[in-house]
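The values are calculated or read from the model by the stated rules, or taken from the named source; none is laboratory data. What you see is a predicted model; the values in this text were computed from it and never measured. Every residue, glycine as well, gets a Cβ built from its backbone with ideal geometry; the counts of neighbours run over all protein chains shown.
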Ligand SMILES: N[C@@H](CCC(=O)N[C@@H](CS)C(=O)NCC(=O)O)C(=O)O
């Protein structure tokens, strides 16, 4: 069986989980411990980031390379359009999601969690050095502006990232206005990349992703609770309900795909 080396909270791993579920390819998750577990990842794949997919003898790092491999090895339920223009747009949108949306979403999520001590350390970017990670966990929320600057996320960074994301979400709402998926009537890699890239803006419910308790279904205030972007998050809920396999033995939380949407982080 395929093995996905991952962090459960990684947006890039979530992209691959969405794709594997869409293609209905069974797989086993191997949760990697940040830091120490990444030594094993380096030995396995020659680099230290997740996700890494092991498919038989093949070891593939990088979510884009993994998606392309899956498309080739498991061609049923195709992900990448064959029409050249559609294919170009699909690859460009995937790159936009990975390279533009994900970094901004990380910044605003850390900003939102400054006031949320239980989640602070769990959801800090995994590249945060361990000593700083424990320092952040111990500090009162209002001192985190200071520390935020130290990890590269100060209040101005958060404002700039949020403004950029508002434009990205506005663009997505427009793209989805007249079609069920970003590139038309069928989902593509672009849809799964965008859905995963926005995971930190509003977390999927525990039904789908095993995140720290209480976080599922919650979203970044000022982004996930803005009526203008509601159509986008509704679209993402529908995508999950249709294609993402629910975890077993997890009661659906309030705010699951079809229910009302709790959107603020206390
Ligand atoms: N381009 C890579 C990015 C992967 C990536 O940024 N992974 C993060 C987790 S979301 C990671 O492994 N961070 C740990 C580190 O950089 O040491 C991909 O698409 O897979």
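Here are the numbers for the structure shown:
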{"item": "Selected residue (criterion: surrounded by the fewest Cβ atoms within 10 Å (Cβ to Cβ)) from residues of the range 36-57 that are within 13 Å of the ligand (Cβ to nearest atom) and not in a helix (DSSP H, G or I)", "result": "47"}
{"item": "Residue among 153, 113 that alone is crowded, with 21+ Cβ neighbours inside 10 Å, modelled with pLDDT of 60 or more and in a loop (DSSP other than H, G, I, E, B)", "result": "153"}
{"item": "Close pairs from the range 86-111: first farther than 16 Å from residue 169 by Cα, partner at pLDDT 95 or above and within 15 Å of the ligand (Cβ to nearest atom), Cβ under 8 Å, at least 6 apart", "result": "89/190; 90/189; 90/190; 91/189"}
{"item": "Odd one out for residue 91, checked against (1) more than 14 Å from the ligand (Cβ to nearest atom); (2) in contact with a helix residue (DSSP H, G or I) (Cβ under 9 Å, 6 or more places away or on another chain); (3) more than 27 Å from residue 210 (Cα to Cα)", "result": "(1)"}
{"item": "Whichever residue in the range 1-28 is within 14 Å of the ligand (Cβ to nearest atom) and not in a helix (DSSP H, G or I) and, among such residues, is surrounded by the fewest Cβ atoms within 10 Å (Cβ to Cβ)", "result": "8"}
{"item": "Among (1) within 11 Å of the ligand (Cβ to nearest atom); (2) within 30 Å of residue 158 (Cβ to Cβ); (3) in contact with a helix residue (DSSP H, G or I) (Cβ under 9 Å, 6 or more places away or on another chain), the one test that residue 113 misses", "result": "(1)"}
{"item": "Residue count, the range 29-43 (criterion: free of Cβ contacts under 8 Å to residues at least 40 places away in the same chain and over 17 Å from residue 1 (Cα atoms))", "result": "10"}
{"item": "Single unsatisfied condition, residue 73 versus (1) modelled with pLDDT under 95; (2) surrounded by fewer than 18 Cβ atoms within 10 Å (Cβ to Cβ); (3) away from the ligand (no atom under 14 Å from the Cβ)", "result": "(1)"}
